[in-house]
Amino acid sequence: MDLGLTGRVALVTGSSRGLGLAVAEELAAEGCDVVLAARSADVLSEEAARIERETGRRALAVPTDLASQESVQGLLDSALGEFGTVDVLVTNAGGPPVGTFQEHAPQAWTDAVKLTLGSVLDLTRGVLPGMKDRAWGRIINITSIAVKQPVDGLILSNSIRAAVTGFARTLANEVAPFGITVNNALPGYTWTQRVRELAATAAAAGGVSPAEVVKGWEATIPVGRLAEPPEFAALVAFLASERASYITGASVAVDGGCVKS
Ligand code: NAD
């Protein structure tokens, strides 16, 4: 299937590793020039150079702290300065810290809102005018299956990603007349650094091994295993594509059947 992405420009945040990096790789493989953003300048530059080598597309690395509005503005300026356009925006960042309601101080909520919701708003605000001018755009937010079925111990993620979902569903209605679609891609348990860390934390708390924690997760997944990042990235590439022109306002899970709704 030709996704019609050749020559499009995609900005993918949180893309030095994990799901964001897999999405940037997939979009470049489908013909997009990509802008990568994360805090770690060295890793980001290495990954951008590798993507250029492997795909022959351009990859721009822009060190960015998504929790800072100034830094996000710098990212937008660099992306638009280099390519003149952002056709596809994929919002993503590190997940909020683990913990129960009683364990989180008020500041943790402020920080999580800033990163998980604020960065989505700032990035969207920056790319929308250009998308409207060109009457074409794709906005895809990486959220979580937590928006369909809360994950125990992740109260910050469960709560704030619901706000991102409401924002995206409303924005989808507002920008549909301009040829812009807005969707959310919901990862289930997927093998990344973040998930290895979650397994280690849960193992330490429960006095079991990380492998036993993972086994417990697998028991809740009909497919019987965790996903690999490219399996998730494939959905994002499709939502970004020309072929997905009639899909908007959707929240689509890649979870091996984990959510029971
Ligand atoms: P990850 O921690 O492996 O990668 C996160 C990326 O975001 C990294 O590139 C990191 O450098 C970057 N990042 C973090 N904070 C940043 C900041 N302030 N500014 C700029 N960049 C920043 O996470 P992942 O597993 O790839 O997951 C991506 C998102 O999907 C997370 O929000 C996570 O909570 C969510 N999610 C993941 C899974 C999973 O199983 N992997 C499941 C559900 C939801």
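Just so it is clear, none of the values below were taken in a lab; they were calculated from the coordinates. On a predicted model such as this, the values are computed, not experimentally measured, just so you know. We place every Cβ from the backbone using ideal geometry, glycine too, and count neighbours over all the protein chains shown.
Could you work out the per residue convex hull volume over the alpha carbons of segment 202-248, in cubic angstrom? It would help to have the intermediate numbers written out before the result.
Details: hull volume 5.4 nm³, N = 47.
Spread over its residues, the Cα hull of segment 202-248 gives 116 Å³ apiece.
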**OP:** Sum -39500 (n - 2.57) across every DSSP H segment of at least 4 residues in the chain, then divide by the residue count to get the 222 nm mean residue ellipticity, nearest 500.
**Re:** -15000 deg cm²/dmol
**OP:** With a point put 7 Å past each Cα toward its Cβ, work out how far Q107 is from E197 in nm, to one decimal.
**Re:** 1.8 nm
**OP:** Compute the Rg to Rh ratio over segment 30-125 from the alpha carbon atoms, using the Kirkwood formula for Rh, and round to two decimal places.
**Re:** 1.04
Subject >> Dipole moment magnitude, nearest 20 debye, the chain about Cα centre, only Lys, Arg, Asp, Glu C-beta charged >> reply: 500 debye
**OP:** Compare S15, S71, S157 in a GNM of the chain, Cα atoms joined below 10 Å, and give the one with the largest fluctuation.
**Re:** S71
**OP:** Please give the helix 18-29 orientation as an angle from the longest Cα principal axis of the chain, in degrees from 0 to 90, rounded to the nearest 10.
**Re:** 30 degrees
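Using every Cα-Cα pair within segment 92-243, state what percent have a distance larger than 23 Å.
On the way: 5019 of 11476 pairs.
It works out to 44 percent of all Cα pairs.
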Original post:
To the nearest 10 degrees, how steep is helix 119-134 against the longest Cα principal axis of the chain, on a 0 to 90 scale?
Top reply: 30 degrees
Original post:
Under 27 Å Cα-Cα from K114, which lysines qualify once same-chain neighbours fewer than 8 residues away are excluded?
Top reply: K132, K148
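Taking a quarter of the surface of the convex hull around the Cα atoms of segment 155-195, what do you get in nm²? Provide the component values of the computation, followed by the final result.
Values: hull surface 15.0 nm².
Its average projected convex-hull area is 3.7 nm².
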Subject >> Estimated inter-spin distance, D42 and Q73, nm [label 7 Å along Cα→Cβ] >> reply: 3.1 nm
Original post:
Remind me, relative contact order of segment 109-166 in percent, using alpha carbon pairs under 8 angstrom and six or more residues apart?
Top reply: 47 percent
Original post:
Does anyone have the angle between helix 210-219 and the longest principal axis of the chain? Alpha-carbon axes, 0 to 90°, nearest 10?
Top reply: 80 degrees
Original post:
Based on Cα positions only, what radius of gyration and what Dmax would you give for segment 76-148, in angstroms?
Top reply: 15.4, 47
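Rounded to the nearest whole Å³, what is the per residue volume of the convex hull around the Cα atoms of the chain? Display every interim value, and only then the final one.
On the way: hull volume 33.3 nm³, N = 261.
In the chain, the Cα convex hull volume per residue is 128 Å³.
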Subject >> segment 130-144 residues near the modelled A250 label - backbone nitrogen below 18 Å, point 7 Å along Cα→Cβ >> reply: 137-144
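Only Cα pairs under 8 Å and at least 6 apart count here; give the relative contact order of the chain as a rounded whole percent. Let's see the in-between values first.
Details: 483 pairs, mean separation 53.6, N = 261.
For the chain, the relative contact order is 21 percent.
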Original post:
Once Lys and Arg get +1 and Asp and Glu get -1 on their Cβ, which of A37, G56, A168 lies farthest toward the positive end of the dipole of segment 35-174?
Top reply: A168
